[in-house]
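Report on the following structure.
Computed from the coordinates by the stated procedures, all read-outs in this text should not be read as laboratory data. Fair warning: this is a prediction, and the values are worked out from it, not measured in the lab. Cβ sites come from the backbone with ideal geometry, for glycine too, and all protein chains shown count toward neighbours.
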Amino acid sequence: MDQILWLATLQSFAILGAVVAGWSCLRHVVPWPWPRLGDFVFAVAMGSGTIIVMSMPVELAPGVRFDFRTSLLAAAALIGGPMMVIAGVIAAVYRIYLGGDGALSGVVSIMIATGLGILFHVRGRGKDPSFTTIALLSVLTSVSGLFSTLLLPMQAFGKLSEWGFLMTTVMRVLATFLSAVVLRQDRISVKMAKDNLIYRKIIDALPDSLNVKDREGRFIAANPATARLMRAVSAEALSGKTDFDFYPASVAETFRHDEEAIVEARKAVTLEQTAVLPDGTERKLVTLKAPLFGNDGEFIGLITHNRDVTETEALKRDLEGARAKLQTAIDNMNDGMAMFGGDGRLIYCNDRYRQLFPLTAHLRVPGAAFKDLVSTSAAMGEALINAPEVDAWVTRVAGAATGEAVNTFQMFNGRWLQSRAAIVSDGLLLLITDITEKRQAEIETVKSAAEYQALFVHSVAGIFRSTSDGLMLRANPALVKLNGYDSEAALLEGVGDIAAEWYVDPQRREDFKRLMLRDGRVNDFVSEIYRHKSRERIWVSETAWTVPGDDGKPAYFEGTVIEITDRKRAEEEIKKTNLKLLSLAATDGLTGLMNRRSFDEALDRELVNAASTKEPLSLILIDVDHFKNYNDRYGHPQGDECLRFLGRVLRATCRSPSDIACRYGGEELAIILPATTADDALAVATRLCESVRGLNLRHEASRAGMVTISAGVATVVPAEGDPASGLVRKADEALYAAKGGGRDRVEAYASDGAGPSRNKTNRVS
């Protein structure tokens, strides 16, 4: 009796494990668009799972049943929090529905277990619970269950043995602990998957090459920038390849030698390398190579960060050339330069100074007085300065002791000159610059500003300027209209905080700001926003850049905004269409069962799983008896309808989502039964035949007078590499035997390989 009790308890324990595992699979397969929706589905799933656990109790004594409802509810509430009240209510309603003398005790135990789990969740502030916390909850849940038993009728206590009482207590503790651990790890894995996706997106967005190689120098991970550097089709195309596949052998050999030395030294090194690409192009790289080792000291990979400094090196060379040219320019100044002594007479001047004054060049010699040169140039009409202005002009230059005196004047040949005078030691330094081009550029600048203003006003794209803190500074008419306003002033007054008032998810503004401050610009930054005035939700794409201030730091952001709501809708429609096509490709259009291709894939997959777990795998092949006669008598449309009925029966016969019902071909159907013994499979097939007979579909061309089926059952515990054809052949032989034995029956293939066995035959009649 104790052995039977143990087996029943372990079976109930396995059911609990199946519920928890089923949720884990559902959680990873189905993405929840909103976190609260996921919490709600979790609560409903755990409530439904509790019903399943309660539906298959262990009978400890006549009339006294035991299950792991409190273990599942406590563990789920610890992970899910207050939302798990829903699961508790579902379980309590079902317990009340079951009735019996223990209904009150059962409801109390459900509420206590749910409440304890929620209490621990709240005290832990929703963080992942420690194993100590889980253990404490497991013990308290089991102990609280003892109190709820006080509500049982007194006669129930007499039926319980001390061994059964102790076993259920220990098993409750163990079940609660393991369920909570599995659900905790499931939640952690979901978080880790999300974090890994974020990290991958960041790495893929890096402008610099980042990759990881194994000890043999093969790429095991790389970002798109690496693919661009290596001239590869994609980052995935690099996997398994080495530098020898992209660089000349001599270059690749050098790189490989450096990497081996770095791994041997077990420390990061920065190198300057020259990469020669297959087309002969040379790229200058600054490379950081860092070996990565695990906690056990085992080598994991060599991380390589390549920064392409080819353009930077070219800029350095250009800068050096510019410095040399600047030195030449100092020796041969383009500006006119003249030095006057304290008495106002010329001491020295360069040739450019004389060239700028062609009519009085012969007078500009050492000893000439500054005032006389100005007066003569004005009198000859060389410098267009009126005579009354000469004295004032000279006075301003002579007063340059307190700073630089600047004068601008026009020459007789239409050119504009600017003089800058500064008092130096016991004299006056005068620099004359031809600013004709500058004045023309100023005119062009004014013209460009007018053109920019026209572009700003008439652009169909929204143009903005804002502070990094989210304050709108400028907005063109297109952006004003996009936000639902009539004027820029109204928009600027209405928008106080872009992050809080514009973005549907304010975190997008933080992401935008982070990228702008890090990279200086963003391209096609897609966000969902509110049309500010009407609060209508729309999608936009931003392309923006930072504008530096005088100190070199970002002063504000500028950019363009375009609405892409239609584009987003089109993308969503494409996703929906693709999902629908995938579903259609795997489903038989007539019966709604999996089609033949899906059957082959599923059978191969389950054979591999069964080989690894050493569990039996069963297959039922079904054939509709005298189906050709049925079609001939009632017509193919009625035959199709018959197959639809049978498809529904197959789906209803499946015991769990792991059972797979398929249309094998024509009127042949099949059910794949993972982890199912030969006897259980035979029972399923027998029940299926009875269900078909229960349809009572008229079939006058059949001896039975109604639609019946024949079924062949085969069961194997496959070894690794066993082909699916072997199991199919055995099931087909059993089916052949069922049809040869008179149809409307089930034949099972003998496990000794001797063919269909008569002692494994079920006649449905």
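Taking just the alpha-carbon atoms of the range 206-312, what radius of gyration and Dmax come out, in angstrom?
13.1, 43
Between Ala499 and Asp680, what length comes free when the chain is fully extended (0.36 nm per residue of separation minus the Cα-Cα distance, one decimal in nm)?
59.0 nm
How high is the FRET efficiency between Phe456 and Asp550 when r is their beta carbon distance and R₀ equals 35 Å, given to the nearest 0.05?
0.90
So for the pair Ala14, His636, with labels modelled 7 Å out along Cα→Cβ, what separation do we get in nm?
4.6 nm
In nm, to one decimal, how far is the Arg567 label point from the Ala265 one, both placed 7 Å along Cα→Cβ?
4.7 nm
Report the gain in length on full extension from Val93 to Ser130: 0.36 nm times residue separation, minus Cα-Cα distance, nm rounded to one decimal.
Gain on stretching Val93 to Ser130: 10.2 nm.
Quick one: if the Förster radius is 56 Å, what FRET efficiency do Val406 and Leu277 give, using the C-beta to C-beta distance and rounding to 0.05?
The calculated FRET efficiency here is 0.55.
Sorted by packing (mean other beta-carbon atoms within 10 Å per residue), highest first, where do 731-737, 313-319 land?
The most tightly packed comes first, giving 731-737, 313-319.
Taking R0 as 56 Å, what FRET efficiency do you get between Arg307 and Ser658 from their Cβ-Cβ distance, rounded to the nearest 0.05?
0.60
Label points 7 Å out from Cα along the Cβ direction at Leu590 and Arg317: separation in nm?
In this crude spin-label approximation the distance works out to 7.4 nm.
From Cα pairs below 8 angstrom and at least 6 apart in sequence, can you work out the relative contact order of the chain, rounded to a whole percent?
Value for the chain: 5 percent.
Where the Cα atoms of the range 459-569 are projected onto their three principal axes, how long is each span, largest first, in whole Å?
Projected onto the principal axes, the Cα atoms of the range 459-569 cover 39, 30, 26 Å.
Taking volume of the Cα convex hull per residue in Å³ as the quantity of interest, determine which of (i) 296; (ii) 171; (iii) 313 was computed from the displayed structure.
The value matching this structure is (iii).
Using 0.36 nm times the number of residues separating Ala489 and Ala379, minus their current alpha carbon distance, what extension gain do you get?
That pair, Ala489 and Ala379, stretches by 34.0 nm at full extension.
Put +1 on the Cβ of every Lys and Arg and -1 on every Asp and Glu Cβ in the chain; which of Ser130, Thr676, Ile303 then has its Cα farthest towards the positive end of the dipole?
Sorting the options by dipole projection puts first Thr676.
Taking the Cα centre of the chain as origin, sum charge times position over the Cβ atoms of Lys and Arg (+1) and Asp and Glu (-1), and report the length of that vector in debye to the nearest 20.
The dipole of the chain has a size of about 2000 debye.
Could the peptides 264-274, 405-415, 615-625, 302-312 be put in order, highest first, of the mean number of other beta-carbon atoms found within 10 Å of their residues?
615-625, 302-312, 405-415, 264-274
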